[in-house]
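Participant: The structure is given below, and queries will be raised subsequently.
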Amino acid sequence: SAVISQKPSRDICQRGTSLTIQCQVDSQVTMMFWYRQQPGQSLTLIATANQGSEATYESGFVIDKFPISRPNLTFSTLTVSNMSPEDSSIYLCSVEGWGASGYEQYFGPGTRLTVT
Amino acid sequence: AQRVTQPEKLLSVFKGAPVELKCNYSYSGSPELFWYVQYSRQRLQLLLRHISRESIKGFTADLNKGETSFHLKKPFAQEEDSAMYYCALRAAGNKLTFGGGTRVLVKP
């Protein structure tokens, strides 16, 4: 299993500013994922972050808006840039690890972002 | 592209009654399907996966490739089953695609 922590747990930010969310894992993992969960909606994958290479972004998400760093196998950051109220969401970090019955994804507690 | 659909946003049942959460998917490859659960104030966690074909907390789910479904069932719901449930499909690149989620409320 993997234990994931995220900082901050929540924040209220003004439009036009940027926020960097940190994700720390208690073990070395190859792939880390960043998801967004908008109010009342499901989880949507933003990007996959691999150590030593550029993140791979899903359709509708771009690096300029959501730059990602992955400096080592236990840590990643997601920045939400030039924020607008539409960016108000919960942002989740996840990793894939070996569970009791095979590979599964483990999720962080999320970062609740409100943009005013 | 893959897609996961959960038609019910809310299921409200009485304690001891059966509960079934529907999940349908579309995917051109061989699917790997999961049910994730999020209890109040807890993080999202895996409930069960179709490969293991096991019962977890009394829940079972069977993959029906003909109907492209992976419905979650429990014969006797308990109050502690109240939570948000997400069906998810694992595709190439280990990426998960989630359904919209179903909130289950078990009334005493």
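Participant: Restricting to segment B:85-108, name every residue that is assigned to a strand (DSSP E or B) and surrounded by 17 or more Cβ atoms within 10 Å (Cβ to Cβ). First the steps, then the outcome.
Facilitator: As a first pass, look at segment B:85-108 and keep what is assigned to a strand (DSSP E or B): B:85-90, B:96-98, B:102-107.
Scanning segment B:85-108 gives B:85, B:86, B:87, B:88, B:89, B:90, B:96, B:97, B:98, B:102, B:104, B:106.
Participant: How many residues does segment A:64-116 contain that are within 14 Å of chain B (Cβ to nearest Cβ) and assigned to a loop (DSSP other than H, G, I, E, B)?
Facilitator: Residues meeting the conditions: 5.
Participant: Moving on to the next point. Looking only at residues that are within 17 Å of residue A:14 (Cβ to Cβ) and touching an Asp or Glu at 6+ places or on another chain (Cβ under 8 Å) in segment A:60-94, which one is surrounded by the most Cβ atoms within 10 Å (Cβ to Cβ)?
Facilitator: The selected residue is A:80.
Participant: Is it true that residue B:54 is in a loop (DSSP other than H, G, I, E, B), within 14 Å of chain A (Cβ to nearest Cβ) and closer than 21 Å to residue A:97 by Cβ?
Facilitator: Numbers: in a loop (DSSP other than H, G, I, E, B): yes; within 14 Å of chain A (Cβ to nearest Cβ): yes; closer than 21 Å to residue A:97 by Cβ: yes.
It is true that residue B:54 is in a loop (DSSP other than H, G, I, E, B), within 14 Å of chain A (Cβ to nearest Cβ) and closer than 21 Å to residue A:97 by Cβ.
Participant: Something else now. Might you let me know whether segment B:31-43 holds any residue that is surrounded by 17 or more Cβ atoms within 10 Å (Cβ to Cβ), of a type in the set (Val, Ile, Thr) and under 23 Å from residue A:102 (Cβ atoms)?
Facilitator: Checking segment B:31-43: at least one residue is surrounded by 17 or more Cβ atoms within 10 Å (Cβ to Cβ), of a type in the set (Val, Ile, Thr) and under 23 Å from residue A:102 (Cβ atoms).
Participant: Still on this model: In segment B:1-29, which residue that is small (Gly, Ala, Ser) and farther than 28 Å from residue A:93 by Cβ is modelled with the lowest pLDDT? First the steps, then the outcome.
Facilitator: Kept after step one, since they are small (Gly, Ala, Ser), are these residues of segment B:1-29: B:1, B:12, B:16-17, B:26, B:28-29.
Pick out the ones that are also farther than 28 Å from residue A:93 by Cβ and you get B:12, B:16-17, B:28.
Working: B:12: 97, B:16: 97, B:17: 97, B:28: 86.
The selected residue is B:28.
Participant: Also, quick follow-up: If residue A:20 passes every condition in (1) surrounded by fewer than 18 Cβ atoms within 10 Å (Cβ to Cβ); (2) in a strand (DSSP E or B); (3) within 14 Å of another protein chain (Cβ to nearest Cβ) but one, which one does it miss?
Facilitator: (3)
Participant: Within segment B:70-108, can you find the residues that are modelled with pLDDT of 95 or more and of a type in the set (S, T, N, Q)?
Facilitator: Those that are modelled with pLDDT of 95 or more and of a type in the set (S, T, N, Q): B:78, B:82, B:102.
The values are calculated or read from the model by the stated rules, or taken from the named source; none is laboratory data. Just so we're clear, the structure is a prediction, and the values are computed from it rather than from any experiment. Don't worry about glycine lacking a Cβ; one is built from the backbone with ideal geometry, like all the others, and counts go over all protein chains shown.
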